[in-house]
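The values are calculated or read from the model by the stated rules, or taken from the named source; none is laboratory data. Treat the numbers as computed from the prediction; the structure is a model and nothing was measured. Neighbour counts are summed over all protein chains in view; Cβ atoms, including those assigned to glycine, are modelled from backbone coordinates with ideal geometry.
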Amino acid sequence: MKYKLFAKASAMSMLLGILIFVISAPTQSKEPLDDAADFDRLMEAVAYGDQLWHTGEGAGGKHPELSTNGLGCANCHPDGSATQPESWPKYQTNLGKVGTLREMINWCIQVVQNGKGYAYDSKEMIAMEAYATYMNRGAKLDPGMNKQTAPFVISGPGYPTNNEGNR
Amino acid sequence: MEDDDKKIIVPDKKIIFDEKDKITRRDFLGLTAKGAAATMIAGVFAPSAGSMIGLGSVAEAATKKIKPFTFAVLTDGHLYDIKDHRFDGMFMDAVNMVNNMKPLPDMVIYAGDIGQSGLKSELLKGKAMLDKLKMPYKVIPGEHDWYLDMGKAWRSLFGDENWSINHNGVHVIGMNSIKIADFWTGPGLTPEQRMGRVLELECNSCGPWGVEEEGLEWLKKDVKKVKPDTPIIFFSHSPLWDYYPRWNFATKDAPEIRDILRKFDNVMAVHGHVHQVVFNKIGNISSIGTSSTSWPWPYPPVDLPYPNIRHNRLDPGDFKDGMGSHHLSVAEDGSGTMFYDPFNPSAIPEAVKRGVKL
């Protein structure tokens, strides 16, 4: 009995699926694959992350989400160093559990910088994660790893930071 | 091109030192034989023989009339104009640490970056705490002290940016090493924008810094009549070697400074800026970094010339980890030993705790 009901439901679902596909297919537009454009979108996030990363240095009290004591992420993590995106998730003593880079970013904002922090799916949080990850590009995945050096040398001007005062 | 061939290039293409400055194993063995046990006592040893510290001309200096003494070194407080800021407490803790030393050091040298944003209020806050020291102190500027008003407030509070004193047979020099070529007039930056750029460690539009021509001339004149067997202690905010230029862990005219100081038997160079334990030795110049009283900086992604001389991995949840004070003791033979005095002793490896011979 149960089998018959299941078979009937499956057949109806398939029919419905085909119908929806036939109706929607001609009007559904999908953007063509464009790696360069996709990368540009990532770099927009990285640039926003860079801006947030350097917000707060010397500008206490102006950015309650990020910092109320004048400290910015870049005070301790220039070039996104010592963030180790390649090592997360990992057990982090300060979090007291196996956590993610986003959780650690909020820990730094809340505990070190006395800011409010960001929702884990917010544009800001994703941008900061994008910046830290981009600045550590090329690092080999190494879950749980802890070290205090930046993983690779940034030669020349590196990522073109958009230095404009206390951004 | 010819010059390039004489450089020793590390994997990141960064020049660590000139070929003519390289200390060979033979030099090492010869010097240790001459320097005898005095060099060995407090020295810290890197794994290879060529990485050994404490290669000053100790034996030759033994005949000089030097009265042993100790200087304390504080640096990089990065004070904010915010009431009861966390960094105020750490700055004062370091001052108290020095005031509780037994015996008291003869003098304290502050190696730059009292303030964070170049505000006079930040410098005044730091000066008020330094004035609580029981002994005299001298200050050199850091980039955070300088680029809001181009040193106007700093000079009004602390005097000359380049200075020297003679103390117990040792010549002590302090220099402003954070002078940057004008990058602000062209784009029409305001003083606040200029300061805002400089306070980013990875500011790539600021350019390298140094003592510049005026500083080099001052230094030449200052040491002209100082005898080569006089021990030199040289304070600058930035290191006298290309450690990691991207973060200005370098001084653009360090090669010229080293040339001017080359005539001396032993130069002990102490620098701020790097917020970490680090050491290098180039010819007659030992160069040692210092911990801050604000935050530590990660080690940049380059090989350390003396990998044993570094601090341990630090706990971001312990706001005082990796920070503290220092003292430099000069012995009768003219050699110096730098001691790190951390707030949290676990930050410093046991070998470094015994002191780094300069």
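From B:313, B:258, grab the single residue that is modelled with pLDDT of 95 or more and basic (Lys, Arg).
Details: B:313 fails: modelled with pLDDT of 95 or more.
Being modelled with pLDDT of 95 or more and basic (Lys, Arg) holds for just one of B:313, B:258, which is B:258.
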Go through (1) free of Cβ contacts under 8 Å to residues at least 60 places away in the same chain; (2) surrounded by fewer than 23 Cβ atoms within 10 Å (Cβ to Cβ) and name the single condition residue B:267 misses.
(2)
Qualifying residue in the range B:294-310 (condition: crowded, with 24+ Cβ neighbours inside 10 Å, in contact (Cβ under 8 Å) with a residue 24 or more places away in the chain, among the small types (Gly, Ala, Ser) and touching a Ser or Thr at 6+ places or on another chain (Cβ under 9 Å)):
no
I'm told residue B:102 meets every condition in (1) at pLDDT 95 or above; (2) in a helix (DSSP H, G or I) except one. Can you identify the failing condition by its number?
(2)
Based on this model, can you work out whether residue B:117 counts as within 14 Å of chain A (Cβ to nearest Cβ), assigned to a loop (DSSP other than H, G, I, E, B) and hydroxyl-bearing (Ser, Thr, Tyr)?
yes
Which one of the conditions (1) more than 23 Å from residue B:89 (Cβ to Cβ); (2) outside any loop (DSSP other than H, G, I, E, B); (3) of a type outside the set (D, E, K, R) does residue B:327 fail to meet, given that it meets all the rest?
(1)
Can you find, within the range B:141-192, the residue that is nearest to residue B:236 (Cα to Cα) among those that are in contact with a strand residue (DSSP E or B) (Cβ under 9 Å, 6 or more places away or on another chain), hydroxyl-bearing (Ser, Thr, Tyr) and away from chain A (no Cβ under 14 Å)?
B:177
If we take the range A:52-167, then helices (runs of 4 or more DSSP H) inside it with 2 or more residues that are at pLDDT 90 or above and at the interface with chain B (Cβ under 7 Å from one of its Cβ atoms) are A:73-76
Considering every residue within the range B:320-330, establish whether at least one is buried (at least 23 other Cβ atoms within 10 Å of the Cβ), touching a residue at least 40 places away in the same chain (Cβ under 8 Å) and within 25 Å of residue A:136 (Cα to Cα).
yes
Subset of the range B:68-99, residues touching an Asp or Glu at 6+ places or on another chain (Cβ under 6 Å), in a loop (DSSP other than H, G, I, E, B) and either crowded, with 18+ Cβ neighbours inside 10 Å or free of Cβ contacts under 8 Å to residues at least 60 places away in the same chain (or both), comes to B:76, B:78, B:81
